[in-house]
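No lab work stands behind these numbers, since they all come straight from the coordinates. Given the structure is predicted, the values throughout are model-derived calculations rather than measurements. Neighbour counts are summed over all protein chains in view; Cβ atoms, including those assigned to glycine, are modelled from backbone coordinates with ideal geometry.
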Amino acid sequence: MLLNLNNVSAGYGSFQVLFDVTLEVNTGEAVGVVGPNGAGKTTLLRVISGQIPLTRGDISLEQRSLAQVQPHQFIEAGIAHCPENRRLFPRMSVEDNLKMGAFIPSARKQLAERRDWVFELFPRLKERREQLAGTLSGGEQQMVAIGRALMSHPKILLLDEPSAGLAPVIVEQVFELVRRIRREGFTVLIVEQNIQQMLDLVDRAYLLEVGSIKLSGPSAELKNHEFLQKAYMGL
């Protein structure tokens, strides 16, 4: 097992968002977390990447507890977070945005190699390497955000709503990007509201509602789950 959350609770000050969440991701898997707005999906990823402290429970990566790891060390441990709404540096070039993802010492040593690999993965970024990130289309900006996260060569990539705010035709392109990353052997944990498309992408998924896991299982099984179909797929 690569990532393990054991009875994790967390929130913002006195406001609790997550309640005893238990979740696991194996090496090479793509695992999804689905649920309505306000369910705690973004908070869950922020906890895993060290941005929000636990109030209870434990998180381990490769059986090493992250409880005492400082927030800035999570990326060195092997966790890269691609946040919702991309959070690029709009007045910096595509290439400089990618470089920001390689600030840890181990990645700096291989910066040129990693950059070239990202350009190979996303050829359009190579064409636009000098262009300001803020002038790119939404789909291209998502490529930069994912590419920046990959620059540290993480053990697990966290993707928060990668299709948010994008036109349907671009959404399909973004999901194809994630498939490409999977083919490269990366382990992915993805939070997404686009349930049907995400279940086509991942191996397993969890349903998060009001901060708690309500359902989990293989994606093929969840696609046919009556509750999910009625509540989230309109079937």
* **Whether the chain is rounded, prolate or oblate, judged on the alpha carbon gyration tensor where a/c under 1.5 counts as rounded** => oblate
* **Net lengthening on full extension, residue 169/residue 197 (0.36 nm per residue, minus Cα-Cα)** => 8.8 nm
* Asked: Taking springs between alpha-carbon atoms closer than 10 angstrom, which of 216, 137, 163 fluctuates most in the Gaussian network model of the chain?
  -> 137
* Do you know the relative contact order of the chain, to the nearest whole percent, from alpha carbon pairs under 8 angstrom that are 6+ apart? -> 27
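Test of the criteria: in segment 137-235, which GluC sites (Glu not before Pro) are in a DSSP loop and have at most 14 other Cβ atoms within 10 angstrom of their Cβ? The partial results should precede the final answer.
Values: sites: 140, 172, 176, 184, 192, 209, 221, 226; in loops: 184, 192.
Passing sites in segment 137-235 are 184.
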* Asked: For the chain, modelled as a GNM with alpha-carbon contacts under 10 angstrom, which of 43, 55, 187 fluctuates the most?
  -> 55
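Could you pull out the GluC sites (Glu not before Pro) across segment 1-104 that fall in loop regions by DSSP (anything but H, G, I, E, B) with no more than 14 other Cβ atoms inside 10 Å? Intermediate values should be presented prior to the final figure.
Working: sites: 24, 29, 62, 76, 84, 95; in loops: 29, 62, 84.
Here the sparse-neighbourhood loop sites are 62.
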* Structure fact -> Taking a crude spin-label model, label points 7 Å out from Cα along the C-beta direction, the residue 22 to residue 64 distance in nm is 2.5
* **Label-point gap, in nm, between residue 110 and residue 6 - each point 7 angstrom along Cα→Cβ** => 3.0
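Looking at the chain, do any whole DSSP H helices span at least 30 angstrom along their long axis by alpha carbon and average 0.0 or above on Kyte-Doolittle, and which? Intermediate values should be presented prior to the final figure.
Numbers: long enough: none.
Helices passing the filter in the chain: none found.
Filter the GluC sites (Glu not before Pro) in segment 106-139 down to the DSSP loop ones having no more than 15 other Cβ atoms within 10 Å, then list what survives. Intermediate values should be presented prior to the final figure.
On the way: sites: 113, 120, 127, 130; in loops: 130.
Of the GluC sites (Glu not before Pro), the ones in loops of segment 106-139 whose Cβ has at most 15 other Cβ atoms within 10 Å are 130.
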* Gain upon complete extension [residue 184, residue 76; 0.36 nm per residue less C-alpha separation] -> 36.8 nm
* Taking the Cα centre of each part, how many Å lie between segment 187-234 and segment 125-154? -> 28
* To do: Measure off 7 Å from each Cα along the Cα-to-Cβ vector at residue 55 and residue 124, then give the distance between these two points in nanometres to one decimal.
  => 4.2
* Using a 10 angstrom cutoff on alpha carbons, build the Gaussian network for the chain and name the most mobile of 144, 17, 33. => 17
* To do: Pop out the Kirkwood hydrodynamic radius of segment 88-148 from its pairwise C-alpha distances, inverse of mean 1/r, in Å to one decimal.
  => 11.2
